[in-house]
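Below: one structure, written as structure tokens.
The values are calculated or read from the model by the stated rules, or taken from the named source; none is laboratory data. Small disclaimer: the values here were computed from a predicted structure and weren't measured. In this analysis, Cβ positions are derived from the backbone assuming ideal geometry, glycine residues included, and neighbour counts consider all displayed protein chains. These accessible areas exclude ligands, DNA and RNA; they are computed on the full protein's heavy atoms, side chains included. Shrake-Rupley method; radii C 1.70, N 1.55, O 1.52, S 1.80 Å.
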Amino acid sequence: MVRVTGNFQSESPLDPKAFEVLHAAFESGWANPGKLSQSGARAHQLRNQALESIAASLGVAKDSILPFSSLSMGYFLGIQGICDRSSTLIHGATDRKDVFAIAATMDHEILPSDLHGKILAPKAQSPTSVLALHVANAETGVIQDCAEIVGRVNSDRVFLDATASGIRKPISCEYSTAIFDSRSWYGPADIGFLVVNKAAQWHNPFPHLNAAKVNFDAPLPLIIASAVAIENFSSRVTEARIQAQVFNAQLRQAFSQIPNVDIAGSLDSTLEHMLSASFMNCNGEELLRGIQNDGFSVDSGSACTADDLEPSHVLAAMGILTHGNIRITLHPDTTQSEVDGLISSVKSNVDRLRS
Amino acid sequence: MKEIDARGLRCPLPIIELGKQISTLSSGEEITLYSDDPATEPDLNAWSRMTGNKFAKLAEETYLITKN
């Protein structure tokens, strides 16, 4: 087995400090915060402290945050919670499949993307519609001009998907609800946070009997670990972004020297830590395996690497080459030698597959 | 006119085969590509932009490519 020396996949190990507190959190945060007992009161206090910390890092009110335990649930809560039966959902062609799944259950309209990954929003949309918009794309890192799109669509109900951008790109437009993924700040998987920015526009879309009490949550230890991870990453996010920008520029420069490459977006228009590049006439799966054999892990949006053999709908919507695709994620602990090694590996594998 | 029957081939084989065949043509000559791979149509969009060759969809799984 090849030892992986460079992790450029979107997944990464849990922040070490968050990992440390996770064990302690399971020990002290096992009780139900809603119950009247000493242990319940302690759990309630821990939960409040964690949510206050997360709210402060996100720059939102503590009472506006609701934890949930899977991303699909988060999309449902955030979008369906601001829709009614007559709503038309407007969303981008490069949104996550979860958004498409929700849109399929109601009247909807899909906004196209340009070659750079920017959502094209025509003027004069219905003000009664609901807009779902991602702050930055989870595959390509392309950042949307949210304020401009929100202004053009002219809907007063806006859902923002901040799962890829997290605290790297603060929200800069009016919105009703937003969701965040704890993994974006190196917290645990299977926990996210719904921010209800305009409470009057949101209702709990799950069947429920008591409107005053939400009937979804996430495990307390994961909430506490998320709080520790966001505190830790907040203190170094600026440094991480600067370092990632340097590495990203190096990768773009090196890849652009390879003939027939299609790189999604530009350095200025994407999240610094993400890069998607497609190499013409290369099989994505073989490219991925070749790079893996050199000790580097990357992701791919090519059809031959997907379970359903469908090409990435994001790349297809942009008009970017869908085959021979690799997706690179730069983490705070990525080193110069890993970047150099990855560049060398990509070059040699592309050469090999084209020969 | 040349034809490539790439039905049953998965990406990137239809585009690779197209690239090989079109290199033997002169400017303005055409080639018909048959492909049932779902990645072919989006990839032809990108391939056309990157190589300067033109394509038109004639019918389901049928594309006409004109050498630049």
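Taking a sphere under 15 Å around the Cβ of B:Glu30 and counting the other residues whose Cβ falls inside, with K and R at +1 and D and E at -1, yields a net charge of +2. The modelled label-to-label distance between A:Glu27 and A:Lys97, using points 7 Å beyond Cα along the C-beta direction, is 4.1 nm.
Between A:Ser12 and A:Ala56, what FRET efficiency follows from the Cβ-Cβ distance if R0 is 22 Å, with the result rounded to 0.05? According to the calculation, E is roughly 0.40.
Packing, as the average of other Cβ atoms within 10 Å across residues, places the peptides A:144-156, A:184-196 in the order A:184-196, A:144-156, highest first.
Under the rule a/c < 1.5 gives rounded, and otherwise a/b versus b/c splits prolate from oblate, where does region A:228-293 land using the Cα gyration tensor? The partial results should precede the final answer.
On the way: a/c = 2.99, a/b = 1.82, b/c = 1.64.
In terms of gyration-tensor shape, prolate.
Placing R0 at 56 angstrom, the Cβ-Cβ distance between A:Ser39 and A:His116 gives a FRET efficiency of 0.55 after rounding to 0.05.
Label-to-label distance, A:Asn48 versus A:Ala199, with points set 7 angstrom from Cα along the beta-carbon direction: 1.6 nm.
As a test of reading the structure, rank A:Ser126, A:Ser182 by solvent-accessible area (1.4 Å probe, protein chains only), most first.
A:Ser126, A:Ser182
Note: relative contact order over region A:236-354, using C-alpha pairs below 8 Å and six or more positions apart, is 31 percent.
Tell me whether chain A comes out rounded, prolate or oblate; compute the Cα gyration tensor, take square roots of the eigenvalues as a ≥ b ≥ c, and use a/c under 1.5 as the rounded threshold. Since a/c reaches 1.5 but b/c is at least a/b, the shape of chain A is classed as oblate. Gain on full extension, evaluated as 0.36 nm per residue between A:Ser70 and A:Ala104 minus their Cα-Cα distance, stands at 10.3 nm. Please give the FRET efficiency for B:Met1 paired with A:Glu310, using the beta carbon to beta carbon distance and R0 = 22 Å, rounded to the nearest 0.05. Given R0 = 22 Å and the Cβ-Cβ separation, E is 0.10. A simple count of charges around A:Ile191, restricted to other residues whose Cβ falls under 11 Å of its Cβ and scoring Lys, Arg +1 and Asp, Glu -1, yields -2.
With a 10 Å radius around each residue's Cβ, average the other Cβ atoms per peptide and rank A:261-268, A:276-283, highest first. Let's see the in-between values first.
Values: A:261-268: 18.8, A:276-283: 25.1.
The densest-packed peptide leads the list: A:276-283, A:261-268.
Work out the mean other chain Cβ neighbour count within 10 Å for the residues of A:277-285 and drop it here as an integer.
Values: counts 0, 4, 1, 9, 8, 2, 5, 3, 1.
That works out to 4 on average.
Straight-line reach only, C-alpha to C-alpha below 25 angstrom: list the lysines that A:Lys17 could link to, leaving out same-chain residues fewer than 8 apart. Leaving aside lysines fewer than 8 places away in the same chain, those within reach of A:Lys17 are A:Lys62, A:Lys169.
When ranked by the protection proxy of mean other Cβ atoms within 10 Å per residue, highest first, what sequence do the peptides B:33-45, A:85-97 form? Numbers along the way, then the final one.
Values: B:33-45: 22.2, A:85-97: 19.5.
Descending mean neighbour count gives B:33-45, A:85-97.
If Lys and Arg each add +1 and Asp and Glu each add -1, what is the summed charge of the other residues whose beta carbon sits under 15 Å from the beta carbon of A:Ser86? With Lys, Arg at +1 and Asp, Glu at -1, the neighbours total -2.
Across the residues of B:33-40, average count of Cβ atoms on other protein chains within 10 Å? Could the numbers behind the result be given before it?
On the way: counts 0, 0, 0, 0, 5, 7, 14, 4.
Mean partner shielding for this stretch: 4.
Is the shape of region A:201-355 best called rounded, prolate or oblate, per the rule: a/c under 1.5 gives rounded, else a/b larger than b/c gives prolate, else oblate, with a ≥ b ≥ c the square roots of the Cα gyration tensor eigenvalues? Because a/c hits 1.5 or more and a/b exceeds b/c, region A:201-355 counts as prolate.
With +1 on each Lys and Arg Cβ and -1 on each Asp and Glu Cβ, and nothing else charged, work out how big the dipole of region A:16-234 is about its Cα centre, in Debye to the nearest 20. The partial results should precede the final answer.
Working: 17 positive and 20 negative charges, 66 e Å.
Charge dipole of region A:16-234: 320 debye, to the nearest 20.
With the simple model of a label 7 Å out from the Cα in the direction of the Cβ, A:Ser344 to A:Ser266 spans 3.2 nm.
Please identify the helices of chain A, taking whole runs of DSSP H, that span at least 18 Å along their own axis as judged from the Cα atoms and have a mean Kyte-Doolittle score of 0.0 or higher. Can you show the working numbers first?
Working: long enough: A:16-28 (19 Å, 0.19); A:38-58 (30 Å, -0.36); A:220-234 (21 Å, 1.55); A:237-256 (27 Å, -0.10); A:336-354 (27 Å, -0.49).
Membrane-span-like by this criterion, though nothing is claimed about a membrane: A:16-28, A:220-234.
Can you give me the angle between helix B:13-22 and the longest principal axis of chain B, using Cα atoms only, in degrees from 0 to 90, rounded to the nearest 10? With rounding to tens, the tilt is 20 degrees.
Want the number for A:Gln250 to A:Thr128: 0.36 nm per residue separation, take away the alpha-carbon distance, what's left?
39.4 nm
Cross-link partners of B:Lys57 among lysines, defined as those whose alpha carbon lies under 27 angstrom from its own and excluding same-chain residues fewer than eight positions apart: A:Lys97, A:Lys118, B:Lys2, B:Lys20, B:Lys67. Helix B:40-51 axis versus longest C-alpha principal axis of chain B: approximately 30°, rounded to the nearest ten.
Shielding value for B:45-52 is 5, the average number of Cβ atoms from other chains within 10 Å of each residue's Cβ.
Annotation: extensible slack from A:Asp63 through A:Lys213 equals 52.7 nm (criterion: 0.36 nm per residue apart, minus Cα-Cα distance).
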